[in-house]
Amino acid sequence: MGLFDAIDIAGSGLSAERVRMDVTAENLANAQSTRTAAGGPYRRQEVELQAVPPGDFGSALEGAMGPSETVPGAAATTSTSGAEAPSGGVEVTGIVNDPSPDQLVYEPSNPEANAKGYVQMPNVNTVTEMTDLISESRSYEADVTAMQTSKSMFNSTLELLKP
Amino acid sequence: MSSLDGTQAILEAAMRGAWQRQTVLTENVSNAETPGYHREELNFESALRAAEGNSEALENTSFEPEVQSQVSGPNGNGVSVDQESALLAENGLDYEALTQMLGAHNETLRAAMGL
């Protein structure tokens, strides 16, 4: 158990919530995008979260080894950052496409409209995104509070050293 | 190094417990949105009670967090952020009280030694 574990864990929560907020913002920005490089309308993105078990030496070593196909130069940088055992917390394992179907909107004047006048719009629901945004910012605040409590605990320990 | 007396030993062990509990509670808050995560709780008081009165045992006490199986969200998550925040605040104050007690105790020792 490290001295700053609680602060590191709260930090992992802060960065995970920030990624979720970024993705929600992207979904909102592309709520009307009918064209993408991959073809078809924009697809809603979702963040996958996973709890990080408090690390032991074995898993830290595995993390430091990294994927086997990396070039020797790049492997050196990953091994230094991954050598420390994780203290726990949360991590983003991936950003995935939402498989729900696209919305069909009747808009004959749109250049993207098909023969019947329907346009394929992204599967983004603005209301869902806004409520997600609220929950993300509240979670972010909770992490900040946890971090502040840990900091004041640390400060009160330091007070003991004063004569 | 063995502690000077029993008060010091139990205060130190309790501070260690509260510190570890802080880590466990923070982990719950960070995973408040992780699907399938079960909250953990550290009941360090019971471990302290078992070792009470024995300075040697108190110093070597280790605390193990327990996984709670309760589920409060639709995605199988068992964390309620407001409950965790309350527990965090409580634990922080607990720790504050312990450090103040240890400070007061040290002050008494200092007075006895005429420092």
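Here's the yes/no breakdown for (1) at pLDDT 90 or above; (2) over 22 Å from the mean Cα position of the chain (by Cα); (3) within 18 Å of B:Thr23 (Cα to Cα); (4) assigned to a loop (DSSP other than H, G, I, E, B):
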{"residue": "A:Leu3", "(1), (2), (3), (4)": "no, yes, yes, yes"}
{"residue": "A:Ala6", "(1), (2), (3), (4)": "yes, no, yes, no"}
{"residue": "A:Arg18", "(1), (2), (3), (4)": "yes, no, no, no"}
{"residue": "A:Thr24", "(1), (2), (3), (4)": "yes, no, no, no"}
{"residue": "A:Thr34", "(1), (2), (3), (4)": "yes, yes, no, yes"}
{"residue": "A:Gly39", "(1), (2), (3), (4)": "no, yes, no, yes"}
{"residue": "A:Val47", "(1), (2), (3), (4)": "yes, no, no, no"}
{"residue": "A:Ala75", "(1), (2), (3), (4)": "no, yes, no, no"}
Taking the range B:55-71 only, how many residues are touching a residue at least 24 places away in the same chain (Cβ under 8 Å) and in a loop (DSSP other than H, G, I, E, B)? 7
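Filter the range A:26-37 for residues that are free of Cβ contacts under 8 Å to residues at least 24 places away in the same chain and not β-branched (Val, Ile, Thr); which is surrounded by the most Cβ atoms within 10 Å (Cβ to Cβ)? Explain how you work it out, then say what you get.
Of the range A:26-37, the ones free of Cβ contacts under 8 Å to residues at least 24 places away in the same chain are A:26, A:29, A:36-37.
Right, trim to not β-branched (Val, Ile, Thr) and you get A:26, A:29, A:37.
Working: A:Glu26: 16, A:Ala29: 12, A:Ala37: 4.
Among those that are free of Cβ contacts under 8 Å to residues at least 24 places away in the same chain and not β-branched (Val, Ile, Thr), it is A:Glu26.
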Which residue out of B:Asn91, B:Asn31 is over 14 Å from the mean Cα position of the chain (by Cα), closer than 22 Å to A:Lys151 by Cβ, within 14 Å of chain A (Cβ to nearest Cβ) and buried (at least 21 other Cβ atoms within 10 Å of the Cβ)? B:Asn31
Output yes when any residue across the range B:36-54 is under 25 Å from A:Arg138 (Cα atoms), in contact (Cβ under 8 Å) with a residue 60 or more places away in the chain and more than 8 Å from every other protein chain (Cβ to nearest Cβ), and no when none is. no
Give me a count of the residues in the range A:84-133 that are out of contact with any strand residue (DSSP E or B) (no Cβ under 7 Å at 6 or more places or on another chain) and within 14 Å of chain B (Cβ to nearest Cβ). 5
Give the number of residues within the range A:133-153 that are surrounded by fewer than 19 Cβ atoms within 10 Å (Cβ to Cβ) and touching a residue at least 60 places away in the same chain (Cβ under 8 Å). 5
Among B:Arg16, B:Arg21, the single one that is more than 8 Å from chain A (Cβ to nearest Cβ), part of a helix (DSSP H, G or I), without any contact (Cβ under 8 Å) to a residue 60 or more places away in the chain and within 22 Å of B:Leu87 (Cα to Cα) is B:Arg16
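Tell me which residues, restricted to the range B:72-85, are surrounded by 17 or more Cβ atoms within 10 Å (Cβ to Cβ) and either more than 10 Å from chain A (Cβ to nearest Cβ) or part of a loop (DSSP other than H, G, I, E, B) (or both).
Quick first cut of the range B:72-85, residues surrounded by 17 or more Cβ atoms within 10 Å (Cβ to Cβ) only: B:77-79, B:81, B:84-85.
Scanning the range B:72-85 gives B:Asn77, B:Gly78, B:Val79.
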Hey, could you check the range B:94-103 for residues that are facing chain A (nearest Cβ under 9 Å) and over 11 Å from the mean Cα position of the chain (by Cα) and say which is nearest to A:Val144 (Cα to Cα)? B:Glu96
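The values are calculated or read from the model by the stated rules, or taken from the named source; none is laboratory data. Values in this document were obtained by computation on a predicted structure and should not be read as measured data. We place every Cβ from the backbone using ideal geometry, glycine too, and count neighbours over all the protein chains shown.
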